[in-house]
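The values are calculated or read from the model by the stated rules, or taken from the named source; none is laboratory data. From a predicted model like this one, the values you see are computed outputs, not experimental measurements. Because the Cβ atoms are built from the backbone with ideal geometry, glycine has one as well, and the counts that use them run over all protein chains shown.
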Amino acid sequence: MMKRQAEDAFEDTQSLKKAKTTEDEPSEVNGAQNEWIKVEKRKKKKANRVEAKVDTAHPRFMYSNHEIVKRNHAITIDDVRDLILHLIADAPPPSWLRIDNVNQIQRVVALLVPGLTPELLSLPPLPTSATMNPNLPISIPLPSPSAGSIPFIATTFSHACPTRAPGDQTRMHSVLSSFFTGPVSGEEKKRRLTQRVQSESNKSDPTQYLLKLEQMLENEYPIPSYMADVFEKPPGWLETPKPAENENRWEQKIYALDCEMCITEDGKELTRVCIVDYASGIVVYDQLVKPSKPILDYLTRWSGACHAPPLPTQIQPILPDQIH
């Protein structure tokens, strides 16, 4: 009995060896034509490993719905800016988005495309139900001949993330201004302050009081059209003309403009404007302004304005007279 088992084991071992030898040898296909194919398993496995390694090394972006749901509002322009600073600089990673292999990202291009609507992307309307969160990313459907979608966006991007525009309930602020106004470190603030003090040491030069473009962006001031790369003139926009390049700075007229605001039904509105000549210190213009809506708060503690009889002057006739 033991001998039979030993013989059976020997036969099984020989069968396994034969099967292994058969696998290592070339296999025959189309025997009638005596054609042979060499199966190189090791090379194929190595190629698969290399392909898998290359695929995992690519940057990947994954939304964190759990973090987005915890927010009180949608992703903001500031969040997009901070994301880009994380990708190209040393800013901390965002909590609402996970990025794999961020070190493989060599450059970043941010596009601002006005006019894109959910309809153009074939997206459903944002949910209004109390049980659904309107801030979560929405899957972009593949382009369809019947739909008015944009093929490039539909084939390039998988999701659209609802984004909150800068501003408040009554008005929208500049997207570019918010995007380019980033947080400044303590060291950078100190360096800028030192540089500003040094540049202002010469008190006889009035141009020191003129804001540079980066200072306007930092303080969220409106940017003149001739200083902006992209400019869309809003309704009622007025600005002083661009100074001539060959004009002597000592001959330029410099005025200080001060505006006092009040609170109306539409929010803050102009209630007083004052213009002072820099060279002489003379007040060349001082006018109370009638807001377009009823005044709720005169903000007397800051503006000095108080209850007064109805004012005939509104903002429209003031600025065209003084702009030049």
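Points worth noting:
- Qualifying residue in segment 240-253 (condition: surrounded by 10 or more Cβ atoms within 10 Å (Cβ to Cβ) and either in contact with an Asp or Glu (Cβ under 6 Å, 6 or more places away or on another chain) or under 30 Å from LEU121 (Cα atoms) (or both)): no
- All conditions in (1) modelled with pLDDT under 85; (2) more than 26 Å from LEU85 (Cα to Cα); (3) in contact with a helix residue (DSSP H, G or I) (Cβ under 9 Å, 6 or more places away or on another chain) hold for THR131, with the sole exception of (3).
- Taking segment 60-115 as the range and being surrounded by 11 or more Cβ atoms within 10 Å (Cβ to Cβ), in a loop (DSSP other than H, G, I, E, B) and free of Cβ contacts under 8 Å to residues at least 24 places away in the same chain as the test, the residues that pass are ALA91, PRO93, PRO94.
- Condition check for ILE223 on (1) of a type in the set (Val, Ile, Thr); (2) at pLDDT 85 or above; (3) over 30 Å from GLU265 (Cβ atoms): one failure, at (3).
- ILE263 meets each of the listed conditions (1) out of contact with any helix residue (DSSP H, G or I) (no Cβ under 9 Å at 6 or more places or on another chain); (2) closer than 23 Å to ILE223 by Cα apart from (2).
- Any hit, segment 136-156, residues being touching a residue at least 40 places away in the same chain (Cβ under 8 Å) and under 19 Å from the mean Cα position of the chain (by Cα): yes
- Residues located in segment 289-311, provided they are modelled with pLDDT of 85 or more and either more than 39 Å from the chain's Cα centre (by Cα) or at positive phi (or both): LEU299
- Residue within segment 172-185 that is part of a helix (DSSP H, G or I), touching a helix residue (DSSP H, G or I) at 6+ places or on another chain (Cβ under 7 Å) and at pLDDT below 85 present: no
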